[in-house]
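Quick note: the coordinates plus some simple rules give every number you see, no bench work behind them. These figures come from a predicted structure and were not determined experimentally. Virtual Cβ from ideal backbone geometry, glycine too; neighbours counted across all protein chains shown.
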Amino acid sequence: MRRFLLAATAGLLAISAVAGPVAARDFGAVYANDMVYRVFGNQANVPDGTGTDPFATFTNSTNEDQLGVAQFAPGSPTGHHGGRWAVYRATWTNGDPSTLVTSWASLQSHLNAGDLSLVRAPAADFRCPVLGDPQPVG
């Protein structure tokens, strides 16, 4: 009986050691290619200005559903580097700040129309993996 209790205790400790860090991750979401992807933050060091994948945050959106917008996500044909983000700040200038932007192509369209400005923020670069199995917007 004592052996069984020792084995059970050791098993529970092993499971909690593996499951604990996974449960501790903060999950969030990001838009890419008109889909919602789950993401999670990690403690990786990304020196300022070394991000590789474009990621925009909105400074003055009034749409409560607006998330950050990534240019690449798992399954993108080219360019995805696993979530090493080069951060840009998108600001509505002439466009409607309640507009929901869910893809980099849409963001670029608003930028070309003069609705948005986009400014690189190298000090905000970070690493945040994007998980597969995206969900449709809405």
Study note, to complete from the structure: Distance in nm between Q108 and A44 label points, each 7 Å along Cα→Cβ, equals 2.4 nm
Review point. Taking one equal scatterer on every alpha-carbon of the range 48-138, how large is log10 of I(q)/I(0) by Debye at q = 0.15, 0.18 1/Å?
Key: -0.57, -0.81
Check your understanding: What FRET efficiency would be calculated for the residue pair T59, Q135, taking the C-beta separation as r and a Förster radius of 25 Å, to the nearest 0.05?
Key -> 0.45
